[in-house]
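The values are calculated or read from the model by the stated rules, or taken from the named source; none is laboratory data. Predicted, not measured: the structure shown is a model, and the values here were computed from it. Cβ placement follows ideal geometry from the backbone for every residue including glycine, while neighbour counts extend to all protein chains displayed. Ligands, DNA and RNA are stripped out before the accessible areas are found, and what is left, the full protein with its side chains, is counted by its heavy atoms. Shrake-Rupley method; radii C 1.70, N 1.55, O 1.52, S 1.80 Å.
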Amino acid sequence: MTAQPHAGRAREVLTILSLLALAALAPQPPVRASDDAAALGAERTAVEAWRTKRRDSLTSDTGWLTLSGLFWLKQGDNSFGRGSGNALSLDNPALADTAGSFVVSGQQVRFIARPEGGVTHDGHPVTALDLAPDTSGHPTVLESGSLRFYVIERAANLGVRVRDLNNPHRTGFRGLEYFPVSTDWVVNARFERYPAAHTVRIMNILGMEVDMQSPGAVVFTRDGREWRLDTVLEEPGDTELFIMFADGTSGHDTYGGGRFLYIPIPHGSTVAVDFNKAYNPPCALNEFATCPLPPPQNRLQLRITAGEKKYAGGPEHHL
């Protein structure tokens, strides 16, 4: 009589074990594959929206594809026009033989128009006008036909940048090519903060140098080792940090002068770095840009096969 309860419990244990064995053999729902597919789909959607915005910006009236000239100013009078005798000469039918002069005094620039020079500002004819540079955030833009020109400042050097709304680079834009979108290149990086006064020296494609504030570096793991990229803050109050980097694809699949990338300013110790949104600097598309170059510490041996590839219609730079 006393053996029956033990036999019953044994049968229950065997039944439970059998059920567990069957459950282990049963097909499991592909939760991870489903999650991976959803993450990839969301990333593709986000990156495509970003690419569309970039394409629209490039082909706009103020996009990099409209750049048609860049002239550096000297102190005193700098005549400007289509004629070869001008200090600043641009052979463009939208420009008068001599449209006027850029007069430089210290870091101040004033444009004095020639009568019948055809130069306007906000639709009104110009006689004489003080010009705010691009570093002010609101440069004074002058017009002559399809041309737009304004003063730029780079490392204390003053120049005149010219845009042509009918630039063949714009009208014949070939579109951009990209590596396939991959969530493998969305990395959760460690953010290592620098002291508040830390700066990084940045050289541009013309050899001009400037020290930029660097709040910290992003550190991520790839191919079994850590990689590090310094970030810079372009303007006080910005909500993003700017990264200039070169990698193992530079000069081959991608532009030799490196690529650019923005990340949100980290509020904690980590930050997402999305290399699918790495893009070419303006110099990859136009010879009249003054692009900053990656600092030496941001030149990685790692091949970052994500983001924008070399632009087929761009100028050839020996970088």
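A few points about this structure:
- Each residue of the range 216-228 was assigned a 3J(HN,Hα) from its phi angle through the Karplus expression (A = 6.51, B = -1.76, C = 1.60, θ = phi - 60°), giving x, 10, 9, 10, 9, 9, 8, 6, x, 8, 8, 10, 10 Hz with x at Gly and Pro.
- Note, ³J(HN,Hα) from phi for the range 271-284, Karplus 6.51, -1.76, 1.60, rounded to Hz, x at Gly and Pro: 7, 7, 10, 9, 5, 5, 9, 6, 9, 6, x, x, 5, 6
- Nearest-10 value in Å² for the accessible area of residue 310, using the 1.4 Å probe: 90
- Accessible surface for residue 262 stands near 80 Å², nearest 10, in the context of the full protein assembly shown (1.4 Å probe).
- Here the chain has 54 percent of its accessible surface on carbon and sulfur atoms, given a 1.4 Å probe and all protein chains in place.
- Working note: Cα atoms of the chain, range along each principal axis, descending, whole Å: 123, 43, 36.
- In a reduced charge model with +1 at each Lys and Arg Cβ and -1 at each Asp and Glu Cβ, the range 96-167 shows a dipole moment near 160 debye about its Cα centre.
- For the range 214-284, the per residue solvent-accessible surface stands at 36 Å², with DNA, RNA and ligands left out and a 1.4 Å probe.
- For the range 77-93, 3J(HN,Hα) computed residue by residue from phi via the Karplus equation (6.51, -1.76, 1.60; θ = phi - 60°) reads 8, 10, 5, 9, x, 6, x, 5, x, 6, 4, 10, 10, 10, 7, 9, x Hz, glycine and proline entered as x.
- Expected 222 nm ellipticity per residue - DSSP helices of 4 or more, -39500 (n - 2.57), all of the chain, to 500: -6000 deg cm²/dmol
- Mean projection area, nm², convex hull over Cα of the range 152-196: 7.6
- Anisotropy class of the range 88-222 from Cα gyration tensor, a/c 1.5 cut: oblate
- Simple rule: put +1 on each Lys or Arg Cβ and -1 on each Asp or Glu Cβ in the chain, find the dipole, and look at 104, 171, 216; the Cα lying farthest toward the positive end is 216.
- The range 77-193, relative contact order in percent, only Cα pairs under 8 angstrom and at least six apart counted: 14
- Database remark: amide H of residue 300 closer than 5 angstrom to the amide H of 246, 247 (H placed geometrically; neighbours at sequence offset of 5 or more, or on other chains; Pro and chain starts carry no H).
- Annotation note: GluC sites (Glu not before Pro) in the range 176-216 located in DSSP loop regions with a Cβ neighbour count of at most 16 within 10 Å are 177.
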